[in-house]
Amino acid sequence: MRVSVPLSALEKSYVAEGGNAVPPYTMATLAVPRGFDPMKTWPVLIVFSSSDHQFPSWYDLMGLYRVPALAEGWVLLTGDGPKPAPRVDSSGWRAGHTLAALDALKRSFPGSSKWPIVCAGQSGGSKRASYMAPLLAAGGYRVAGIFLEGMNEERITQGYRRFNPGRDFLRTPIFLSSGVRDMIATLDQQNAVENSMRRTGFENIRHTTFPGGHQVLPTQLQEGLRWFRKGM
């Protein structure tokens, strides 16, 4: 389901980062598993795409995450700006639209404000997800994990220092998925990402590898989602 939702004043200030024109609405994309009952508690996967090719986050949600995540009983959500593409695909642009989508979820299902959320991304989307997770935690959302695939540059430290979600955030489960034949985010680079996170103080890190390249492997995503759920 994809619907247009309003932006708050704060969310408009975020999307304007970098000189972007503020659009009249956000496009929120929601996918729910079979048997969804909003009176129950559901884990929510917030998907972020890379800025490469100007793909919106809903594109990755549908193509990379939807089938395995729904099979595991997860709700999926993204927030994207309407076309045309922004002048600058900034972190503020992504943050404002994501927050607007979460606000819309809360209005539709009031209990969802307490649902655990996990941020997920692949390649550049992993940088977005790791940078945005501290912002969401600082905003009062229950961040229960971060799934990162093909990440060649560590960004969570920058987000942690900027948004200051508190030291408890350092215990957030982080699942790193690395293809051993990845030429875009090499295994050495992804090991360096893990080491940088640990130096900052993140310790609840699970780093797994698979015999593939720069891709989200459904079995790896499934493993990560099950691991996050054990800690909820």
Applying the selection to region 51-73, what residues are touching a strand residue (DSSP E or B) at 6+ places or on another chain (Cβ under 7 Å) and in contact (Cβ under 8 Å) with a residue 60 or more places away in the chain? SER57, ASP60, LEU64, TYR65, ALA69
Looking only at region 174-189, count every residue that is free of Cβ contacts under 8 Å to residues at least 40 places away in the same chain, open to solvent by 10 Å² or more (accessible area, probe 1.4 Å) and within 21 Å of VAL47 (Cα to Cα) and tell me the total. 0
Those residues that are open to solvent by 70 Å² or more (accessible area, probe 1.4 Å) and touching a residue at least 40 places away in the same chain (Cβ under 8 Å), I need them from region 220-230; list them, please. ARG226, ARG229
Sole exception among (1) part of a helix (DSSP H, G or I); (2) among the hydrophobic types (A, V, I, L, M, F, W, C); (3) in contact with a Leu (Cβ under 6 Å, 6 or more places away or on another chain) for TRP93, by number: (3)
For region 48-58, how many residues are open to solvent by less than 10 Å² (accessible area, probe 1.4 Å) and modelled with pLDDT under 95? 2
Among the candidates LEU61, LEU30, LEU45, which residue alone is open to solvent by less than 10 Å² (accessible area, probe 1.4 Å) and not in a helix (DSSP H, G or I)? LEU45
So, in region 190-217, how many residues would count as being open to solvent by less than 70 Å² (accessible area, probe 1.4 Å) and either touching a helix residue (DSSP H, G or I) at 6+ places or on another chain (Cβ under 7 Å) or in a helix (DSSP H, G or I) (or both)? 16
GLY125 vs. criteria buried (at least 23 other Cβ atoms within 10 Å of the Cβ), farther than 22 Å from ARG199 by Cα and more than 11 Å from the chain's Cα centre (by Cα): no
Hits in region 141-164 - residues which are open to solvent by 30 Å² or more (accessible area, probe 1.4 Å), over 19 Å from TRP227 (Cβ atoms) and in contact (Cβ under 8 Å) with a residue 12 or more places away in the chain: TYR141, ASN152, GLU153, GLU154, ARG155, GLN158, TYR160, ARG162, PHE163, ASN164
From the options ALA9, ALA71, residue that is out of contact with any Pro (no Cβ under 9 Å at 6 or more places or on another chain), among the hydrophobic types (A, V, I, L, M, F, W, C) and farther than 19 Å from GLY150 by Cβ: ALA9
Only one of MET232, MET132 that is of a type in the set (A, V, I, L, M) and either over 20 Å from VAL47 (Cα atoms) or not in a helix (DSSP H, G or I) (or both): MET232
If you scan region 65-110, which residues turn out to be open to solvent by 40 Å² or more (accessible area, probe 1.4 Å) and farther than 21 Å from TYR14 by Cβ? ARG66, VAL67, LEU70, ALA71, SER108, PHE109, PRO110
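The values are calculated or read from the model by the stated rules, or taken from the named source; none is laboratory data. Everything numeric here is computed off the predicted structure, so don't read it as measured data. So basically every Cβ, Gly included, is an ideal-geometry build from the backbone, and we count neighbours across all protein chains shown. Calculation scope for accessible area: heavy atoms of the full protein, side chains included, ligands and nucleic acids excluded. Shrake-Rupley method; radii C 1.70, N 1.55, O 1.52, S 1.80 Å.
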